[in-house]
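For reference, the structure is listed below as structure tokens.
Here, each number is a calculation from the coordinates, and none is a lab measurement. Remember, predicted model here, so these are calculated numbers, not experimental data. Neighbour counts are summed over all protein chains in view; Cβ atoms, including those assigned to glycine, are modelled from backbone coordinates with ideal geometry.
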Amino acid sequence: MEKNPITPEGYARLRDELHNLRSVERPKVVQMIATAREHGDLKENAEYHAARDKQSFIEGRMKDLEAKLALAEVIDPSKLAGDRVAFGATVRLVNTETEEEVVYKILGADESDINQGQISVTSPLARSLLGKEAGDEVKMRMPGGERLYEVLEVTFG
């Protein structure tokens, strides 16, 4: 099995979510099912069916989180250094046509949030940046067409 890189913060978030599902949400839904059963006929009991659906979702999410945590390789970007783009790097780019600057932090797949400038190390954008350093140009295929960016800065931490 291939390990998935993740920051200590991302690992803690997944672990905390799993703990919450096990210790809070699962017992709550079990109680909801028990209460709904007391209302009689289960065939036409909407509360019972809704609780069972929620239980199914929680169990599936827990299995998903357990698998992600088992395959996680925790890497602390603050302990990394270098001048080439790699996992944990913050990369400042400039669009060579529009002079628009963007900043991306390259994180694990479970931590990516494009609205916060965090992209997955497995995304096409990040893969095209890996190994580049300040001054390099990168041609990227975007939904709106091909764009040319210049790497301005690579930092870790």
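The rule of thumb for compact globular proteins, 2.2 N^0.38 Å, goes into the C-alpha radius of gyration of the chain 1.46 times. Would you mind ranking GLU38, GLU66, GLU150 so that the residue whose beta carbon has the fewest other beta carbons within 10 Å leads the list? Lowest to highest Cβ neighbour count: GLU38, GLU66, GLU150.
Hey, can you grab everything whose amide H is under 5 Å from the amide H of ALA72? Only 5+ residues off in sequence or another chain; H modelled, so Pro and N-termini drop out. Counting only residues 5 or more places away or on other chains, the set is ASN4.
Once the Cβ-Cβ distance of GLU73 and ASN45 is raised to the sixth power relative to R0 = 35 Å, the FRET efficiency obtained is 0.15.
Taking other C-beta atoms within 10 angstrom as a stand-in for reagent exposure, LEU152, LEU69 fall in the order LEU152, LEU69, fewest first.
Could you tally the net charge around ARG13, taking each other residue with its Cβ under 11 Å from the Cβ of ARG13, Lys/Arg +1 and Asp/Glu -1? Don't jump to the answer; show the numbers that get you there.
Values: positive: ARG15, LYS68; negative: GLU9, ASP16, GLU17, ASP110, GLU111.
That sum, taken over residues with Cβ under 11 Å, equals -3.
Below 13 angstrom from the Cβ of TYR48, what's the summed charge of the other residues (Lys, Arg +1; Asp, Glu -1)? Could the numbers behind the result be given before it?
Working: positive: ARG37, LYS43, ARG52, LYS54; negative: GLU38, ASP41, GLU44, GLU47, ASP53.
Cβ neighbours under 13 Å give a net charge of -1.
Result for the chain in a Gaussian network model with C-alpha springs under 10 Å: among VAL85, VAL94, VAL121, the largest mean-square fluctuation is at VAL94.
What FRET efficiency comes out for MET62 versus THR122 if R0 is 25 angstrom and r is the Cβ-Cβ distance? Round to the nearest 0.05. Taking R0 as 25 Å, the efficiency between MET62 and THR122 is 0.60. Largest GNM mean-square fluctuation among TYR48, TYR11, TYR104, using the chain with Cα springs under 10 Å: TYR48. Each residue in ARG141, ARG52 was given a count of other beta-carbon atoms within 10 angstrom of its own, and listing them fewest first yields ARG141, ARG52. When the Gaussian network model of the chain links Cα atoms closer than 10 Å, the mean-square fluctuations of GLY135, GLY60, GLY40 top out at GLY40.
Extension gain for the segment ARG52 to GLU38, taken as residue separation times 0.36 nm less the Cα-Cα distance, is 3.6 nm to one decimal. Net length available on complete extension from ARG92 to LYS3 is 29.3 nm, with 0.36 nm assigned per residue and the Cα-Cα distance removed.
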